[in-house]
Amino acid sequence: MKENIKIATRQSYGEELAKLGEENKDIVVLDADLSTATKTEIFAKKFPDRFINVGIAEQNLMGIAAGLSSFGKIPYASTFAVFATGRAYEQIRNSIAYPNLNVKICATHAGITVGEDGATHQMLEDLSLMRGLPNMTVICTSDDTQTKWAVREISKIDGPVYLRLCRMATPVIYDITEKFEIGKAVQIGEGTDATIIATGVTVSEAIKAQQILKSKDIDIRVIDMHTIKPIDKNIIIKCAKETKRIITVEDHSIIGGLGSAVCEVLSEEYPTKVERMGILDSFGMSGKAEELMQYYKIDYNAIVNKVLC
Amino acid sequence: MKITNVEALKRISIEVRKGIIEAIYSAKSGHPGGALSCADILTVLYFNQMNIDENKPNDLNRDRLVLSKGHASAALYSVLAQKGYFSKEELKTFRKLKSSLQGHPDMKKLPGVDMTTGSLGQGLSACVGMAIASKLNKAGCKIYCILGDGEIEEGQVWEAVMSASKNNLDNLCVILDNNNLQIDGTIEEVGGMNNITEKFLSFGFNVLNIDGHNIESIIDAITTAKQTKGKPTIIIAKTVKGKGISFMENKASWHGKAPSEEEYNKAIEELDKAMLEIM
């Protein structure tokens, strides 16, 4: 992990999307007046004819994307996670997921790491909402390399995808040669003292915690669960068998997200105690992203303390 | 093949109405009122106006119709069956277990359905996406959207209206099934929607007001819509909920219930009589 090089996954998304647009003329990008924040503006500047700004109208955003896909286009629809999956939930459900249309919902500003904007803009239930939808693939990437891979990879899936992206800049974890696969988590380390299953912004925190714990002779492994649905059952069961503890950590409510998904797998397949770290059934609040991660106990320090206790 | 003879279209519209009644009676469930009110509009679209081929339901360059008021599914299914997308016998499976004729239209289950609808207010946005896609493809497809008048109480409709106008979607023709009734009463009483013409005009639409049961008027209006350049058209079609079945006409109570055996027989009798009058 290159801790000194930090890039927000929304930035990686915007950059790669513009590159992908060159290669695939079916890609059409939609935004709801947030293109400077979601970084779809990079695509918009390059391909104005294939960029649709619908204005502040997220329900319409999803509906237009559905219509475009029915013509063989591959729409990437972006806005903040709270508006995409909250405001337009039912449009996603009935106009995209139910007819299994090829729409890529790429939502940025997920989680408390939105920071200063506070609770109204900090989406903590999106994984829960999207994971519950039949046909939907749900991805939450942890760094620049993985996000760029995901932006391309999801264009190859014929069906709806929810890609969760973040505002806060986070360390680059992976070398560009790293290979990913949808539905297959990445295991970092072989430690058996505990498994930390993380997703998105919490992966680099877990790796940092792993390094700190190593100096205390505690050897943990980190699982980067970039695909929330379909979730990698095998790796969860394997880690439950091989390690002493299973801890999940996410910038999302502990209800319905990664922690819940892991519990579902283990309770059915290999009953194991799961310790969930995340937002504990509350809304967020204003503050700096790093301060909030500390406050809500999803940063590396909180992970270290959890493993030590 | 396009049917241009008005009497022939009238006969088809009666057959379509019979199909609606058969389907809903067979299902013992459904929405006759709003299906009957848009039966003439759908008949003209599918038999006289749209560039479609029932043998190529997935042709990329076909015209599209989105029944945004998806609860009128029986009307769409009946027209599609008349047109030959599937057998008329299949209408009897409407709303039954494992049928392709779902309660509300499902584009992945039934050939001829261009968009999955049912949750009100969403179809026009899909049409905007289709119309933009057609322009990007330089395909020349016409996109038709049937909206209910109660449906336009949904805010998303106006988001889509704004988009259609902003993008100069002259390949989009919206038809408002203005039967003036929704479940709980009249449009004015329930949602307070008024001045519909002025509203669409102010959003930059070409607005046409017609009698939605007059076949010639429907043909003329859609023809005008096709010729209008630079902006989308809305045809505000004044209709009668339950049109064609005397005891269902203008009654909100027939929004969402099936006829009894006696009512069914009477309805079919009335439609047969209407058919004889045209012959």
The stretch B:14-40: number of residues that are surrounded by fewer than 24 Cβ atoms within 10 Å (Cβ to Cβ) and of a type in the set (Asp, Glu): 2
Hey, residue B:69 more than 10 Å from every other protein chain (Cβ to nearest Cβ), in contact with an Asp or Glu (Cβ under 6 Å, 6 or more places away or on another chain) and closer than 18 Å to residue A:99 by Cβ or not: yes
Boolean, residue A:58 is within 13 Å of chain B (Cβ to nearest Cβ) and surrounded by 24 or more Cβ atoms within 10 Å (Cβ to Cβ): yes
Some residue of the stretch B:152-174 being more than 19 Å from residue B:200 (Cα to Cα), more than 13 Å from chain A (Cβ to nearest Cβ) and surrounded by 24 or more Cβ atoms within 10 Å (Cβ to Cβ): no
Criterion violated by residue B:86 - all others in (1) over 22 Å from residue B:221 (Cα atoms); (2) within 12 Å of the chain's Cα centre (by Cα); (3) among the aromatic types (Phe, Trp, Tyr) satisfied: (2)
Among the residues listed as B:130, B:50, B:115, the single one being under 22 Å from residue A:73 (Cβ atoms), away from chain A (no Cβ under 14 Å) and of a type in the set (A, V, I, L, M, F, W, C): B:50
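Away from chain B (no Cβ under 14 Å), closer than 17 Å to residue A:15 by Cα, of a type in the set (Asp, Glu) and out of contact with any helix residue (DSSP H, G or I) (no Cβ under 6 Å at 6 or more places or on another chain): does that describe residue A:117?
Details: away from chain B (no Cβ under 14 Å): yes; closer than 17 Å to residue A:15 by Cα: no; of a type in the set (Asp, Glu): yes; out of contact with any helix residue (DSSP H, G or I) (no Cβ under 6 Å at 6 or more places or on another chain): yes.
Against the criterion (away from chain B (no Cβ under 14 Å), closer than 17 Å to residue A:15 by Cα, of a type in the set (Asp, Glu) and out of contact with any helix residue (DSSP H, G or I) (no Cβ under 6 Å at 6 or more places or on another chain)), residue A:117 does not qualify.
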The stretch B:216-252, subset out of contact with any strand residue (DSSP E or B) (no Cβ under 7 Å at 6 or more places or on another chain) and assigned to a helix (DSSP H, G or I), residue surrounded by the most Cβ atoms within 10 Å (Cβ to Cβ): B:219
Matching residues, the stretch A:32-87, being of a type in the set (Phe, Trp, Tyr) and either in a helix (DSSP H, G or I) or more than 24 Å from the chain's Cα centre (by Cα) (or both): A:43, A:47, A:71, A:83
Failed item in (1) surrounded by 24 or more Cβ atoms within 10 Å (Cβ to Cβ); (2) in contact (Cβ under 8 Å) with a residue 60 or more places away in the chain; (3) of a type outside the set (Lys, Arg), with residue A:66 passing the rest: (2)
From the options A:24, A:53, residue that is within 13 Å of another protein chain (Cβ to nearest Cβ), of a type outside the set (Lys, Arg), under 28 Å from residue A:169 (Cβ atoms) and surrounded by fewer than 21 Cβ atoms within 10 Å (Cβ to Cβ): A:53
Only listed residue being more than 8 Å from every other protein chain (Cβ to nearest Cβ) and at pLDDT 95 or above, chosen from A:65, A:81: A:81
Residues within the stretch B:92-108 that are closer than 26 Å to residue B:10 by Cα and out of contact with any Phe, Trp or Tyr (no Cβ under 6 Å at 6 or more places or on another chain), tallied: 5
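The values are calculated or read from the model by the stated rules, or taken from the named source; none is laboratory data. What you see is a predicted model; the values in this text were computed from it and never measured. When we count neighbours, we look across all protein chains shown, and the Cβ atoms used for this are built from the backbone with ideal geometry, even at glycine.
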